[in-house]
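Here is the structure we will look at.
The values are calculated or read from the model by the stated rules, or taken from the named source; none is laboratory data. The shown structure was predicted, so the numbers you read here are calculated from the model rather than taken from an experiment. Backbone-built Cβ (ideal geometry, glycine too); neighbour counts: all protein chains shown. The protein model used for the area step is the full one, side chains on, heavy atoms only, and it has no ligands, DNA or RNA in it. Shrake-Rupley method; radii C 1.70, N 1.55, O 1.52, S 1.80 Å.
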Amino acid sequence: MFCYQCEQTIGGKGCSKNIGACGKTAETADLQDLLIHAAEGISMYAARAGYLGLTDRAIDRFVVEALFTTVTNVNFDPIRLEAIIARAGQVFDQAKALYNDACQKKGVEPEHLVGPGQWQVPSSRDEMLKQAALHNIANRLKAYGEDVAGLQELILYGLKGTAAYADHAKILGVEDDSVYAFFHEALDFLNGKLAGEVDALVAMALKVGEVNLKVMGMLDEGNTKTYGHPEPTVVRVTPVAGKAILVSGHDLKDLAILLKQTEGKGVNVHTHGEMLPCNAYPELKKYKHLVGNYGGAWQDQQKEFEAFPGAILMTTNCIQKPRDSYKDRIFTTGLVAWPDVMHIGPDKDFTPVIQAALATPGFAADEPEKTITIGFGHNAVMGVAGTVIDAVKAGKIKHFFLIGGCDGAKPGRNYYTDFAQQVPDDCIILTLACGKYRFNKLPFGDIGGIPRLLDIGQCNDAYSAIQIAVALADAFECGVNDLPLSMILSWYEQKAVCILLTLLYLGIQNMKLGPSLPAFIGPNVLNVLVEKFNIAPVTTPRQDLEAILA
Ligand code: SF4
Ligand code: SF3
């Protein structure tokens, strides 16, 4: 195996032994590499068929799901991966047939495709693993060198993150032909003539950022049209007595279905991790048995799930190796999977989860009530934009800090807690994604009634943050880079990569990125980012704050 797609990668260089820092075995990592190779082959044909006017939604969706499957902390199960690769074989044939059909209809000769376009579908796991060895990142590194291979991986990881959001949007009924066409185009590009050229790679990376903005907009539309706009909401963060289910991941629809199925069953539903923002959506919070949030970010789950006296449902990343103490009461659904953990299929019949909750003790008593306020999506913030703008004009608000992104297990992340605490009292903190758990239970007070900490939502709600920034820029008749706004970002997995590419596509300057820089960004690529966007690694909260506010 060789994998360096996330921030946790071993030694800041790559996971290359028998198991990754995330718990991904070499076998699983290799099967994921092969799945990517297969998806690239499928897209080579689907892209060309699309240029000739023929598309197939089943093929489009498969490629997106394949990409999402390989995101960090999603699928650790070699048996499920083997089945997905077998399915990829069928889709590969469909894509090839679609392309041939399109050529025939247009009277053109089909191109002879090489690389992944020549994939021979393997018939056994052994054969899959043999093939995987030929198509892993180490081979790309040898063939292209660290800068070019790193840029290729930057594009691929951005696509994986975008695929996650596209999949969530699709689940809510929002799809777009041009987005699917772009996935095929980009995966084809990675195997084409321009894949060795730095300028073309940088342009494609920014294109990923552009398409990701559109996809986050689609997901925003799906979420808000289905569940209403998030509204400022006081959420309980301490347990409530009673039988309990804990829902983690990112999928709003899974939670909605579970809430419906648990109505009147005497089971409380608690959110965890990136599901916290669900408590602010009108069509989710209307359920009285959605009682609040339990615990913090994903990397604390082993301790927190062990202590949780009920059933646990993982709807997407980030899953960690379940301890034996809760392995029989944790469930996965959607694309997330762990070997020997019960998986709830596409029919979304959560009966086993409910039964497990009823069979476990639940919380014996209420813990003393503690609350936080969430729900500051773009709609809620725009509603008070006038007050915010007046406060800026009156000098009551000096600066905005967006402190957001993924949380993670490696040390050094208390930078974000310290930074938030050191932000001066006349500044507002916007936050999103699971990195906020570093500071979201601390008291920040308010500025003339405007809370100093505004929780925008999940990582994909970076879309809301962008809308807010653009609205502020409009109000002050300036560009986003001219606003008194600084972005202090934390990354861990590939969704953070696509969001970063979106911010770069929008031309956002002066971002601070931590806790460490991606291993796949080679020194020359880093220079380009520094020169073009003045992006910089985080240093110390004091030094960074002084530099920003100077
Ligand atoms: Fe290592 Fe991250 Fe890859 Fe897991 S996803 S194997 S931790 S680089
Ligand atoms: Fe967190 Fe996994 Fe990225 Fe959605 S839950 S932000 S790390």
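Accessible surface ranking for D347, D340, 1.4 angstrom probe, highest first: D340, D347. The slack between D366 and K286, meaning 0.36 nm per residue of separation minus the straight C-alpha distance, is 26.7 nm. For the chain, the mean residue ellipticity at 222 nm estimated from helices alone is -15000 deg cm²/dmol, where every DSSP H run of n ≥ 4 contributes -39500 (n - 2.57) and the total is divided by all residues, rounded to the nearest 500. Packing, as the average of other Cβ atoms within 10 Å across residues, places the peptides 145-153, 484-492 in the order 484-492, 145-153, highest first. Taking only protein heavy atoms and a 1.4 Å probe, the accessible area of the stretch 10-226 is 52% carbon and sulfur. The H on the amide N of T333, modeled in the peptide plane, is under 5 Å from the matching H of M314, I344, each at least 5 residues off or on a different chain. Between amide H atoms placed 1.01 Å from N, distances below 5 Å from L113 occur with no residue 5 or more places distant or on a separate chain. What a 1.4 Å probe finds exposed on the stretch 233-359 is 52% carbon and sulfur by accessible area, rounded to a whole percent. How many angstrom lie between the Cα centre of the stretch 433-471 and the Cα centre of the stretch 301-379? With the stretch 433-471 and the stretch 301-379 each reduced to a Cα centre, they are spaced 25 Å.
A 1.4 Å probe run over the chain, with the rest of the protein chains in place, finds 38 Å² accessible per residue. Taking amide H positions as modeled 1.01 Å from N, with prolines and chain starts lacking one, the residues under 5 Å from I447 and 5 or more places away or on another chain are R452. 3J(HN,Hα) couplings calculated from phi for the stretch 97-114 with the Karplus curve 6.51 cos²θ - 1.76 cosθ + 1.60 (θ = phi - 60°) are, in sequence order, 5, 4, 5, 4, 4, 4, 4, 4, 4, 8, x, 10, 7, x, 5, 8, 8, 10 Hz; Gly and Pro show x. Taking the charge dipole of the stretch 233-359 about its Cα centre, with +1 at Lys and Arg Cβ atoms and -1 at Asp and Glu Cβ atoms, the residue from T316, A337, P277 reaching farthest to the positive side is P277. The candidates K193, K243, K512, arranged from most to least accessible area with a 1.4 Å probe in the full protein assembly, appear as K193, K243, K512. For the stretch 126-143, backbone phi angles converted through the Karplus equation (6.51, -1.76, 1.60; θ = phi - 60°) give residue-by-residue couplings of 4, 5, 4, 5, 5, 5, 4, 4, 7, 10, 8, 5, 4, 5, 5, 4, 5, 6 Hz, Gly and Pro being listed as x. Accessible area per residue (1.4 Å probe, heavy atoms of protein chains only) ranks T371, T262 as T371, T262, with the largest value leading.
Applying the Karplus relation 6.51 cos²θ - 1.76 cosθ + 1.60 with θ = phi - 60° to the stretch 364-370 yields 3J(HN,Hα) values of 5, 8, 5, 8, x, 5, 10 Hz, where x marks Gly and Pro. Among beta bridges from DSSP that stay inside the chain, the antiparallel ones total about 20%.
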